[in-house]
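Engineer: Below is one structure. I have some questions about it.
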Ligand SMILES: *Cc1c(COP(=O)(O)O)cnc(C)c1O
């Protein structure tokens with residue numbers, strides 16, 4: 001049933017606030033939306049406004065979309081320089097290069113509304129949802145000052161500079177006329193709504209992402225800054241305010257835009273106040289019914305990682321009724337002074353999921369009262385976003401095995417049928433080498449070698465991920481490089497601005513790099529500033545092996561390694577998160593495994609013993625790589641190419657197409673649109 005009064009104009013063009021961003025008119029008309037078909041938007045919006053259509057709203061504090069390399073909108077006016085990725089510095093043990101060169105990019109900065117893995121997962125989820133043609137909305141916040149711009153320096157580590165961009169001129173981002181209002185304590189705050197459309201790969205379907213923004217003229221100067229910085233951690237008050245804007249503001253935004261949503265999906269506990277906003281309008285005996293419309297994904301594997309908001313501060317943000325409901329559902333036994341958002345979300349949702357099999361076990365141990373509603377659905381990555389051109393071309397050439405791998409990534413498993421095809425193996429190696437040459441060229445001042453073993457560690461510099469593990473004993477590393485073969489090691493990753501331990505790790509890495517300055521003939525170590533999805537893509541495609549050494553069981557899933565296996569890049573990893581269910585053939589697994597009952601209580605970081613087993617594993621890996629690089633029979637029958645094949649086969653499972661299908665069976669129960 002399509003409401004008759006809704007036409008193209010009222011549904012789409014009429015919603016846009018052209019007076020706020022006049023230049024949009026140049027890029028949007030009834031046929032063309034920044035180089036994409038406007039028709040797909042109008043058709044999907046019509047379907048989403050159909051009240052009969054079952055649909056989901058997916059709430060997340062962050063969304064990592066990657067418009068610099070996937071779903072890139074075209075613009076008829078020159079890109080505003082403020083929205084380009086800034087040049088960044090490289091810190092290496094070849095300091096003279098660092099002084100004279102930086103990495104120059106002439107590319108759009110990726111929409112700066114994410115900090116790391118949680119956001120990238122949310123972005124990849126929306127892309128796979130679009131490809132699956134599910135009726136779906138995303139709800140998030142427009143962070144006017146992004147997350148942080150990382151600057152690093154020797155002896156100091158990381159400095160988090162302010163990030164600046166201009167939403168009005170960002171291709172594809174559209175301000176709407178609609179406003180929603182809410183109270184932060186006694187102050188009334190108005191929120192502008194924005195939309196950003198995620199197109200399916202065939203460009204025939206979209207998922208609208210609704211973004212909330214407090215930077216409007218009618219707010220007080222303080223009110224305008226509430227949606228400035230993602231995870232602004234100046235105080236508890238800020239954390240609560242940002243969560244209220246997402247949860248309460250999000251529900252009101254959906255209503256103000258005329259959508260009727262069936263399932264509210266909370267990606268992390270951050271959005272738990274969405275339940276409070278809906279429940280407050282209903283008598284408590286209807287809450288069970290409301291809960292059936294809530295689902296929750298928990299990403300936090302340790303008790304200490306859950307959001308606990310002090311009641312003494314909640315009072316200044318929530319009204320009495322909101323506080324009452326929050327306490328009713330979110331008070332932990334023995335701690336009436338705080339509201340635990342994980343508990344609130346678990347109590348509000350009728351179904352909850354952990355993000356890997358292993359994380360499912362950990363979560364059930366932590367929340368024994370909720371075991372029945374918890375299920376593990378392993379994370380994934382959007383294969384079309386993270387696959388390199390050279391691998392995509394290879395898959396296309398071997399049509400018989402890979403078939404329609406773009407629509408159905410499970411087909412990637414058929415690579416196993418090519419395990420003894422020498423021609424294929426040679427082409428696979430060549431596709432990898434092409435990616436590696438791209439990386440070498442991108443970082444050309446640092447003179448990386450195409451045939452030298454290259455490994456990357458790139459992720460958030462959180463303590464449990466143990467950033468500097470591979471540099472624990474540089475003497476040992478030198479010894480391996482001299483005896484087995486030379487090494488190139490690339491680091492990237494930001495620390496959360498409040499995470500002193502993380503910042504210290506970066507400082508430590510830089511110091512170790514400096515200490516290797518005389519050794520660059522056989523060992524090169526680089527630290528790339530300002531890690532983001534753009535840099536991430538270059539690394540996951542171009543290196544020979546992907547290093548992942550979190551302390552089990554703290555990594556709920558992890559996803560960067562999944563991006564690497566899709567490109568045939570083997571893992572050097574501890575057994576944690578997704579790796580625990582990926583099997584042995586995708587690389588070398590090493591290190592400490594948590595004992596039963598010890599889960600999440602570790603105080604010992606096992607640095608020394610795990611560094612030792614990392615070196616043993618690395619030694620073996622460099623050996624295998626050397627055989628592969630030598631080519632001929634030792635390559636064709638060696639273990640390396642076999643690992644590459646098993647990696648790509650694994651990507652048939654570790655992708656968001658498979659993941660959203662599981663979500664759909666377990667919670668959403670959506671019917672794809674025609
Ligand atoms: C994929 C990705 C992550 C997630 O990495 P983990 O493996 O989960 O640590 C973080 N940041 C960026 C920029 C990414 O692209």
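None of the figures in this text is laboratory data; all of them are computed from the coordinates on show. Bear in mind the structure is a predicted one, so any value in this text is a computation, not a measurement. Glycine also receives a Cβ, built like all others from the backbone with ideal geometry; neighbour counts cover every protein chain displayed.
Engineer: Taking all pairs of distinct Cα atoms, average 1/r, flip it, and tell me the Kirkwood hydrodynamic radius of the chain in Å to one decimal place. Intermediate results must be reported in sequence, preceding the final value.
Structural biologist: Numbers: mean 1/r = 0.0388 Å⁻¹.
Computed over the chain, the radius equals 25.8 Å.
Engineer: Follow-up question, since we're still on this one. To make sure I understand, if each residue's beta carbon is the centre and we count other beta carbons within 10 Å, what order do 213, 98, 396 fall in, fewest to most?
Structural biologist: Values: 213 23, 98 19, 396 11.
So the ranking, lowest neighbour count to highest, is 396, 98, 213.
Engineer: Further, regarding this structure: For 543, 109, what's the fewest-to-most ordering of other Cβ within 10 Å of each Cβ? Provide the component values of the computation, followed by the final result.
Structural biologist: On the way: 543 26, 109 22.
Going from least to most buried by this count: 109, 543.
Engineer: Can you bin the stretch 289-398 into rounded, prolate or oblate? Criterion: square roots of the alpha carbon gyration tensor eigenvalues sorted a ≥ b ≥ c, rounded for a/c under 1.5, prolate for a/b above b/c, oblate for the rest. Intermediate values should be presented prior to the final figure.
Structural biologist: Working: a/c = 2.72, a/b = 2.26, b/c = 1.20.
Taking the square roots of the gyration eigenvalues as a ≥ b ≥ c, the stretch 289-398 is prolate.
Engineer: Which value at 222 nm does the chain reach when only helices count, each DSSP H run of 4 or more adding -39,500 (n - 2.57), with the total divided by all residues and rounded to the nearest 500 deg cm²/dmol? Intermediate values should be presented prior to the final figure.
Structural biologist: On the way: 24 runs with 228 residues, N = 674.
Result for the chain, helices only: -9500 deg cm²/dmol.
Engineer: Rounded, prolate or oblate for the stretch 393-458? Axes are the square roots of the Cα gyration tensor eigenvalues, ordered a ≥ b ≥ c, and the cut-off for rounded is a/c under 1.5. It would help to have the intermediate numbers written out before the result.
Structural biologist: On the way: a/c = 2.68, a/b = 2.07, b/c = 1.30.
Prolate, because a/c is 1.5 or more and a/b exceeds b/c.
Engineer: Can you give the relative contact order of the chain as a percent, counting alpha carbon pairs under 8 Å and 6+ residues apart? Write down the numbers at each step before the final one.
Structural biologist: Numbers: 1397 pairs, mean separation 102.3, N = 674.
With pairs under 8 Å counted, the relative contact order is 15 percent.
Engineer: What's the center-to-center distance, using Cα atoms, between the stretch 2-58 and the stretch 545-616 in Å?
Structural biologist: 45 Å
Engineer: Treating the angle as unsigned and between 0 and 90°, give the value, to the nearest 10°, between the Cα long axis of helix 38-48 and the longest Cα principal axis of the chain.
Structural biologist: 60 degrees
Engineer: How would 385, 75, 574, 603 line up from fewest to most surrounding beta-carbon atoms within 10 angstrom?
Structural biologist: Values: 385 23, 75 20, 574 28, 603 4.
Exposure proxy ranking, most exposed first: 603, 75, 385, 574.
Engineer: Here's another thing I want to ask about it. Could you tell me how many degrees, from 0 to 90 and to the nearest 10, lie between the Cα long axis of helix 500-515 and the main elongation axis, the longest principal axis, of the Cα atoms of the chain?
Structural biologist: 20 degrees
Engineer: Follow-up question, since we're still on this one. Quick one: work out the % antiparallel among DSSP beta bridges in the chain, nearest 5. Can you show the working numbers first?
Structural biologist: Values: 35 of 78 bridges.
Antiparallel: roughly 45 percent of the beta bridges in the chain.
Engineer: Using only Cα atoms, tell me the angle between helix 422-442 and the longest principal axis of the chain; keep it within 0 to 90° and round to the nearest 10.
Structural biologist: 70 degrees
Engineer: If you don't mind, there's one more thing I want to ask. Does the stretch 90-210 come out rounded, prolate or oblate, given a ≥ b ≥ c as the square roots of the eigenvalues of its C-alpha gyration tensor, rounded meaning a/c under 1.5 and, failing that, prolate meaning a/b above b/c?
Structural biologist: Numbers: a/c = 2.52, a/b = 1.52, b/c = 1.66.
Oblate shape, in that a/c is at least 1.5 and b/c is the bigger or equal ratio.
Engineer: Okay, moving on. Sorted by average packing, counted as other Cβ atoms within 10 angstrom per residue and highest first, what order do 67-73, 329-335 take? Walk me through the numbers on the way to the answer.
Structural biologist: Numbers: 67-73: 18.9, 329-335: 14.7.
Ranking, from highest mean packing down: 67-73, 329-335.
Engineer: While we're looking at this one, here's another question. Find how many whole Å separate the alpha carbon centroid of the stretch 408-473 from the alpha carbon centroid of the stretch 216-267.
Structural biologist: About 39 Å separates the Cα centre of the stretch 216-267 from the one of the stretch 408-473.
Engineer: Now for a different question. Report the gain in length on full extension from residue 585 to residue 292: 0.36 nm times residue separation, minus Cα-Cα distance, nm rounded to one decimal.
Structural biologist: On the way: separation 293, 0.36 × 293 = 105.48 nm, distance 4.08 nm.
Result for the pair: 101.4 nm of gain on full extension.
Engineer: Let me ask you something else. Give me the extension gain from residue 411 to residue 475: residue separation times 0.36 nm, minus the current Cα-Cα distance, reported in nm with one decimal. List each step's numbers first, then the result.
Structural biologist: Values: separation 64, 0.36 × 64 = 23.04 nm, distance 4.44 nm.
Length gained between residue 411 and residue 475: 18.6 nm.
Engineer: Working out 0.36 nm times the residue gap between residue 102 and residue 156, then minus their Cα-Cα distance, what length gain in nm do you get to one decimal? Could the numbers behind the result be given before it?
Structural biologist: Details: separation 54, 0.36 × 54 = 19.44 nm, distance 1.93 nm.
The residue 102-residue 156 span can extend by a further 17.5 nm.
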